[in-house]
Amino acid sequence: MTSAHDVLRSDPHIGPLVEEHGEIELEPAENPFERLVVSIVNQQLSTQSAAAIRDRLFEQFTVEPQPLLDADEDALRAVGLSAQKVDYVRNVAERFLADDLSAAAFAAMSDEEVVEELTGIHGVGVWTAKMFLIFVLAREDVFPVEDLGIRRGMEALYGDLTRGEMREQAETWRPYRSYASRYVWRVVD
């Protein structure tokens, strides 16, 4: 049986990254809510800024739906969340309490259905939904061209490409685009 890494080793640009970084695996997250909150924190921030806010949030709060809904908005803002992100986190918390958004519920959905379900929550866009597919559900064939790190990595590997051209290149990695994406991120890390 051919593994994702065997397929990617045959790509002249990704193959050397597999050798350099080893066989990066996709691991499902234990807590879908927590990981979705992390993705919201990470939205449109540098890696360092997001990490600092995330660390403060996890140090000062129980990152579960009800405790975040009960938390004082000023206290959430004091850890570095903007007013908008406080709203987004609370929207996600409300949906997790109201609906079955467990890993098991998502397991029965296609990638497109997961994106549709998540983007129905105000504050969760396609980028966040794709991060959820990769980092929570460990779906193997997701290409998040919406991610700045992916675009920078693609440009470093392949030169100046449009998003459409990036998607075309990513088709050569199907059905392991998530694995390839993990290596593309390493180019800019």
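The values are calculated or read from the model by the stated rules, or taken from the named source; none is laboratory data. From a predicted model like this one, the values you see are computed outputs, not experimental measurements. With ideal geometry, Cβ positions are generated from the backbone for all residues, glycine too; neighbour counts draw on all protein chains shown.
Evaluation of A108 against the conditions (1) in the same structural domain as V184 (by TED's automatic domain parsing); (2) hydrophobic (A, V, I, L, M, F, W, C); (3) farther than 20 Å from Y183 by Cβ shows that the sole unmet condition is (1).
Only one entry of R174, R163, R182 meets the criterion of being surrounded by 14 or more Cβ atoms within 10 Å (Cβ to Cβ), over 16 Å from N42 (Cα atoms) and not aromatic (F, W, Y), and that entry is R182.
Scanning for something small (G, A, S), exposed (fewer than 13 other Cβ atoms within 10 Å of the Cβ) and closer than 23 Å to S3 by Cβ, does the stretch 114-134 turn up at least one residue? Within the stretch 114-134, none of the residues are small (G, A, S), exposed (fewer than 13 other Cβ atoms within 10 Å of the Cβ) and closer than 23 Å to S3 by Cβ. Confirm whether R174 is in contact with a helix residue (DSSP H, G or I) (Cβ under 6 Å, 6 or more places away or on another chain) and of a type in the set (K, R). The answer is no for R174.
Out of the residues in the stretch 47-95 that are small (G, A, S) and within 18 Å of the chain's Cα centre (by Cα), which is nearest to G123 (Cα to Cα)? Lay out the reasoning, then the answer.
Here is the first cut: in the stretch 47-95, the ones small (G, A, S) are 49-52, 71, 75, 78, 80, 82-83, 93.
From what is left, the residues that are within 18 Å of the chain's Cα centre (by Cα) are 49-52, 93.
Numbers: S49: 19, A50: 16, A51: 19, A52: 21, A93: 12 Å.
My answer is A93.
Those helices (runs of 4 or more DSSP H) of the stretch 1-95 in which 2 or more residues are surrounded by fewer than 12 Cβ atoms within 10 Å (Cβ to Cβ), free of Cβ contacts under 8 Å to residues at least 40 places away in the same chain and in the same structural domain as I121 (by TED's automatic domain parsing) occupy 47-60, 65-70, 73-78. Applying the condition of being of a type outside the set (V, I, T), in contact with a Leu (Cβ under 9 Å, 6 or more places away or on another chain) and surrounded by 16 or more Cβ atoms within 10 Å (Cβ to Cβ) to the stretch 142-160 and asking which residue is nearest to S39 (Cα to Cα) yields P144.
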